[in-house]
1. In the protein assembly as shown, with Lys and Arg counted as +1 and Asp and Glu as -1 at Cβ, which of these residues, A:Ile213, A:Leu57, B:Ile51, has the Cα nearest the positive end of the dipole, that is, farthest along it?
2. How much of the accessible area of the stretch B:20-100, in percent, comes from carbon and sulfur atoms when a 1.4 Å probe is used?
3. When the accessible area of chain A is computed with all protein chains present and a 1.4 Å probe, what percentage of it is carbon and sulfur?
4. Cα-Cα over 29 Å: which of B:Lys201/B:Lys230; B:Lys159/B:Lys317; A:Lys262/B:Lys317; A:Lys202/A:Lys336; A:Lys229/A:Lys262?
5. For the pair A:Ala333 and A:Asp124, what calculated FRET efficiency results from E = 1/(1 + (r/R0)^6), where r is the Cβ-Cβ distance and R0 = 25 Å, to the nearest 0.05?
6. Please go through the stretch A:151-240 and write out the trypsin sites (Lys or Arg not before Pro) that DSSP classes as loop and that have at most 14 other C-beta atoms within 10 Å.
7. Can you give me the distance in nm between label points at B:Val41 and B:Lys201, each placed 7 Å from the Cα along the Cα-to-Cβ direction?
8. How about the stretch B:100-205: which trypsin sites (Lys or Arg not before Pro) there lie in a loop by DSSP and see at most 15 other Cβ atoms within 10 Å?
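The values are calculated or read from the model by the stated rules, or taken from the named source; none is laboratory data. Since this is a predicted model, take the numbers as computed values, not measurements. In this analysis, Cβ positions are derived from the backbone assuming ideal geometry, glycine residues included, and neighbour counts consider all displayed protein chains. Ligands, DNA and RNA are stripped out before the accessible areas are found, and what is left, the full protein with its side chains, is counted by its heavy atoms. Shrake-Rupley method; radii C 1.70, N 1.55, O 1.52, S 1.80 Å.
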Amino acid sequence: MKKLTNRRKINGSTYLLMITVLLFIVMYGAGMIVFASKGFAKPQMFLNLFVSNAGLLVIAMGQTIVMITAGIDISVGSVTALVCMVAANQMENHGTSAYMAVVIALAIGLAFGLVQGVLVAYLDIQPFIVTLAGLFFGRGMTSVVSTDMISIKNETFLKWANYKIYLPVGSYSKRGNFLPAYIYPTVVIALLVLVLIIIIMKYTKFGRSVYAIGGNEQSAMMMGLNVRKTKLKAYLLDGFLAGLGGFLFCLNSTAGFVEQAKGLEMDAISSAVIGGTLLSGGVGTPFGTLFGVLIKGTISSLITTQGTLSSWWVRITLSALLCFFIVLQSIFASVKKKK
Amino acid sequence: MEKKWNVKKIAGMRLFMPLVCLLVVLLVNVITTPGFFKISVNNGVLYGYIIDVVNRASELVVLAVGMTLVTAASGGQDISVGAVMTVAAALCCQILSGGAASATAFQNSFVLAIIVGLLGAAVCGAFNGFLVAKLNIQPMVATLILFTAGRGIAQLITKGQITYVRVGSYKVLGGYIGKCPIPTPIFAAVLVILIVYLILKKTTLGLYIESVGINSTASRLVGLNSTMIKFLTYVICGLLAGAAGLIASSRIYSADANNIGLNLEMDAILAVALGGNVLGGGKFSLMGSVIGAYTIQALTTTLYAMNVSADQLPVYKAIVVVIIVTLQSPVFKKALASLKSGHKARKTAAEGGNQ
């Protein structure tokens, strides 16, 4: 009997993941047909999904882990802005090396993870309130550092940012020259993080504990898992990934300014939800989140390729999709309960 | 002995903490800004820091009232209120200007515009309420949808521009009625408080909201329609956010989708928490939230007076929120209680030794 319900649960989330993958293929396929003349079908266009969303992918990984513990982190956008601003300020105005900037970025992320993790795990405060405070704190601190836009001119940093890795695939220009497709190092790092998180969540004790706590905190505790410690670790990892993702974001934008990455938390959350992570915790995969990020990327590149729609449509479409998937989850949950 | 008991009784009252916070903020001002309590009459209207605080707090008070109800019934907060404000403002201004970017005369009836604005806000609230009450989604995740999409929707309504309504009678709501020296928003806030207070006192709604917030399932079992009550609080919250949006829009006689109600959701949550309401739902105190809202505005004005820029304000507010929720958290309370009882035990032991 127990096995049966278990299988049904897995089925529900697999359906959600299948819908997501299908949605991505349909959306991208439609884009390739409709905007073929604008170069949507080129391999480079596909790789650009990764290039422009490398930071988001890393941040969404952290978000997925926190959401599996039935928590949430809405401070990631502000952390990204703060990381970019501090890194830019340090390199431009204080002569810090690019390597040191990476360390600072990760330290900022870890600090956010530590404080928020302690408040959530050891003081039992709602994750949403804690990270909402984090959101405002991060954005406010960014403007304390500087209210002007700082563009980064550090040589090492720019070398990292502009280093192109050419791939054996590509397209032909109108004259028949072969144009190889390329990616940036940020994509490689993001994909490495993805693989690492998949392994952590699937094969380590920590990963299994995270799923157990999200599924049912009470029974996880009775099983002898250290709920508080695992939660703290999850928030620490999330903070670390937010710092790293923020730095990747910075490599993409090569500047720091107060309004940067506004609403990135929404992108990360909706990527995770669209990728099949349940808001109530316990279910979700990093692999699904990858597709959530790709769908978000497809929406924004479809809208920019179309050209006449305002950029607000990206947010509105994404919100509508998020709403659709939340409703879908809720329906799956109620069907499961009835059975 | 009797006096001690009195102090304890006063300290235990629900409005004690919010009032103390307000007094502390005001005291800081007495020291840092000497002219804080001075009220003068300029051009026939009252003028001064205190008037400014009470005036500027009006939108926040209106939002805090709605937020209190939502918090009490569903144990979560509505973070879309700032965005809903812009939707109401955009709808109202767009109807008044007849679709143009700027208008010097009403193109449509004023009453119609206000009703449509409020209705739009109520629809937003109903959308949130449907997600929370009917589909059982965590309140803050459900309202996150409108939190991000709301300003976009407002931009679509105004076609991406700032709609100006340069008509004298539109400025009344955010300005002054005729020759009355007191700003209109103060009246609006008091009116909202009175209406909601009377509804809660004269009907059983207040009691129902509390009971649903304390235990939703138990309330359903004794025959309350939990879903409906939760839904209703979100509609009320949306409606009040719309009203706040109209006041804010009237102040600047325009609909600025990017700036109306910016960061106000944080202030509203803060006001509710400062008012001694538990953010996890259940019993609530409307007056506490109102006092909390005035405290927040006093704090904001104080920080401005100390030359803190608007961008940096959130840092201080975030710290205040974290301190309040930490003080409210059950773990902290338990630790404090055990500390207190330990202290008491030692004290009685010492007293016993003396006798």
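1. A:Ile213
2. Whole-percent figure for carbon plus sulfur exposure: 68.
3. With neighbouring chains kept in place, the figure for chain A is 66 percent.
4. As for pairs spanning more than 29 Å Cα to Cα, those are B:Lys159/B:Lys317; A:Lys229/A:Lys262.
5. Computed FRET efficiency for A:Asp124 and A:Ala333 comes out at 0.55.
6. Counting only loop positions with at most 14 other Cβ atoms within 10 Å, the trypsin sites (Lys or Arg not before Pro) in the stretch A:151-240 are A:Lys153, A:Lys164, A:Lys174, A:Arg175.
7. For the pair B:Val41/B:Lys201, the computed spacing is 3.2 nm.
8. B:Lys159, B:Arg166, B:Lys179
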